[in-house]
Amino acid sequence: MKERLFGKTLPELQELVLGLGLPKFTARQITDWLYKKEISSIDEMTNLSKKTRDLLVEKFEFGLIQPTKVQESIDGTKKYLFPTVQNKFIETAMIPERDRKTVCVSSQVGCKMGCLFCFTAKQGFQGQLTAGEIVNQIKSIEEAGEVSNIVYMGMGEPFDNLEQVLKSIEILTAGWGFAMSPRRITVSTIGIIPGMLTFLEKSEAHLAVSLHTPFNDERQKLMPVQVAYPIEEVVAEIKRWDFGRQRRVSFEYIVFEGLNDSPQHVRELARLLDGLRCRINLIRFHPVPGTPLKSPGDNIIQNFKDQLNQKGILTTVRASRGQDIYAACGLLSTKEMNVGTK
Ligand code: SF4
C-alpha cells in the first residue's frame, strides 16, 4: 500500500521532498493542494512539474478517503460512515444549526474506556486513527467547505490517541493547513490527566470534560476512568490552568433519570467547580441497549439547569440531535462492520 500524503504536516513533507531530491518549497506547494484546494489526486497538482508528480505517484497517494454511507436525520443532522486504513469503520456526525455547521469527529475505532452509558464502549477498542483519518472526516464530507466548528466528541477518547489528535489539530489550525482558529475546535475527554495537560500546553483549542456526577462512587460505576483519574483531581489540575476569556473549559453532564439530578448533586457540583470560569452542558441521556440507565423528562432537565444557574454555574441544555439515525451523543458504533463483510 502506498503512503498517504494527506495527514502529513509541513515539516514532514519538507523532509519527504528533500529525501526525493526535490526543492524544499515543493512541500509548501503540496500542503496548499492537500489542505486548501479541492482536488483529490497528485496528478491534479498542476504547479508541480510532470516529473515531480510522477516521482510522487510512484511512492505516494493523495490519501483522501470517501464515506461509504451517509444518513440524514429529520432534523438535518447527518451521519457519515468512513472506512479506515485498517479495514474498520468509523462514524462522523455533522450537525447543522442556524449559523454554523459543527462536525463531530471520531478519534479511535471503538473505545477502551468502558463508560456504562456509551454505545461506542460496547464495541470495545479496535484501533487508533491517524491524524489524516481524523482530518479526512472534515475534508471528505459534503459540507467540507462550510464547516464552522469541530468537536472531538465522536468515537473514542482523544487523549488515548494524543499524538495523532494533536497532529490533526496542528493541520487544522496551521497557516499552511486549514488555518482554522483553535477557538472553533473543542476536544472532549473523560479526564485522562497526563494527556489533558499535554493538550493544554501544546494546543489552544477548547477543552470539554465529561463529568456526569461529582460523587466518586457514582462516577466509578458510570466511568471506570474515575479510579485512575478522580474528577476531583481532574478539576484541580484544570483550576491551575489559566482559562481566560478566549479559551473555554466546559463540562458535559448527561442527565440520567433519578441518578444524578438531585439537590445534593447541585451542591456538590457548586463546591467542585467553585472559582472556575466554566460552563456545564446538560445532555439528555439517549438510551443504549443493555444499560439500566433511563432518559429523564424535559422538566427534570430544565429544573436541574435552573438549580445550577441559581448556584452561579452557567448551565445550558444541549439539544438532542440526530437521535433517529443513532448520531446523537453516545450512540456511535460500528461494531459489526468490517470492510468486505458488510
Ligand atoms: S463516552 Fe467516550 S470515553 Fe467513554 S466509552 Fe464512550 S467513547 Fe469512550
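Scanning the stretch 3-26 for residues that are farther than 20 Å from Q164 by Cα and either of a type in the set (K, R) or in contact with an Asp or Glu (Cβ under 8 Å, 6 or more places away or on another chain) (or both) yields one hit, K24. Residue pairs whose Cβ atoms lie under 7 Å apart, sitting 6 or more positions apart in sequence or on different chains, and linking a residue in the stretch 110-121 that is free of Cβ contacts under 8 Å to residues at least 40 places away in the same chain and farther than 18 Å from I134 by Cβ to a partner that is within 6 Å of the ligand (Cβ to nearest atom) and among the polar types (S, T, N, Q), do not occur here. The C-beta contact set for the stretch 154-176 (first residue of a type in the set (F, W, Y), second residue modelled with pLDDT of 95 or more and part of a loop (DSSP other than H, G, I, E, B), distance under 8 angstrom, 6+ apart or interchain) comprises F159/I192. Within the stretch 320-340, the set of residues being small (G, A, S) and either under 14 Å from D75 (Cβ atoms) or modelled with pLDDT under 75 (or both) comprises S320, G322, A327, A328, G330, G340.
Among the residues making up the stretch 201-218, those that are over 16 Å from the mean Cα position of the chain (by Cα) and surrounded by 23 or more Cβ atoms within 10 Å (Cβ to Cβ) are L211, H212, T213, P214.
The sole residue among R240, R248 that is within 22 Å of K311 (Cβ to Cβ), away from the ligand (no atom under 14 Å from the Cβ) and not hydroxyl-bearing (S, T, Y) is R248.
A quick yes/no check of all residues on (1) surrounded by 19 or more Cβ atoms within 10 Å (Cβ to Cβ); (2) free of Cβ contacts under 8 Å to residues at least 60 places away in the same chain; (3) under 15 Å from L211 (Cα atoms); (4) in contact with a Cys (Cβ under 7 Å, 6 or more places away or on another chain):
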residue	(1), (2), (3), (4)
E268	no, yes, yes, no
I280	yes, no, yes, no
G290	no, no, no, no
D298	no, yes, no, no
I301	yes, yes, no, no
L308	yes, yes, yes, no
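Figure legend. Inter-residue proximity from the stretch 245-262: first residues more than 19 Å from I185 (Cα to Cα) and among the basic types (K, R), second residues surrounded by 20 or more Cβ atoms within 10 Å (Cβ to Cβ) and at pLDDT below 95, beta-carbon distance below 6 Å, spacing 6+ or different chains. No pairs are indicated.
Within the stretch 86-121, if we keep just the residues that are hydrophobic (A, V, I, L, M, F, W, C) and more than 16 Å from the ligand (Cβ to nearest atom), the residue that is surrounded by the most Cβ atoms within 10 Å (Cβ to Cβ) turns out to be M94.
Just to verify a result, which residue in the stretch 217-263, among those that are assigned to a helix (DSSP H, G or I) and either basic (K, R) or touching a Phe, Trp or Tyr at 6+ places or on another chain (Cβ under 8 Å) (or both), is farthest from P292 (Cα to Cα)? My answer is R240.
Scanning the stretch 24-54 for residues that are farther than 25 Å from M180 by Cα and surrounded by 13 or more Cβ atoms within 10 Å (Cβ to Cβ) yields a count of 4.
Please tell me if E133 is surrounded by fewer than 20 Cβ atoms within 10 Å (Cβ to Cβ), of a type in the set (D, E, K, R), more than 13 Å from the ligand (Cβ to nearest atom) and modelled with pLDDT of 95 or more. Here the answer is no, as E133 does not meet what is asked.
If I filter the stretch 147-181 down to residues being within 16 Å of the ligand (Cβ to nearest atom) and part of a loop (DSSP other than H, G, I, E, B), which single residue comes out as surrounded by the fewest Cβ atoms within 10 Å (Cβ to Cβ)? Looking at the filtered set, the residue picked out is M153.
The values are calculated or read from the model by the stated rules, or taken from the named source; none is laboratory data. Small disclaimer: the values here were computed from a predicted structure and weren't measured. Because the Cβ atoms are built from the backbone with ideal geometry, glycine has one as well, and the counts that use them run over all protein chains shown.
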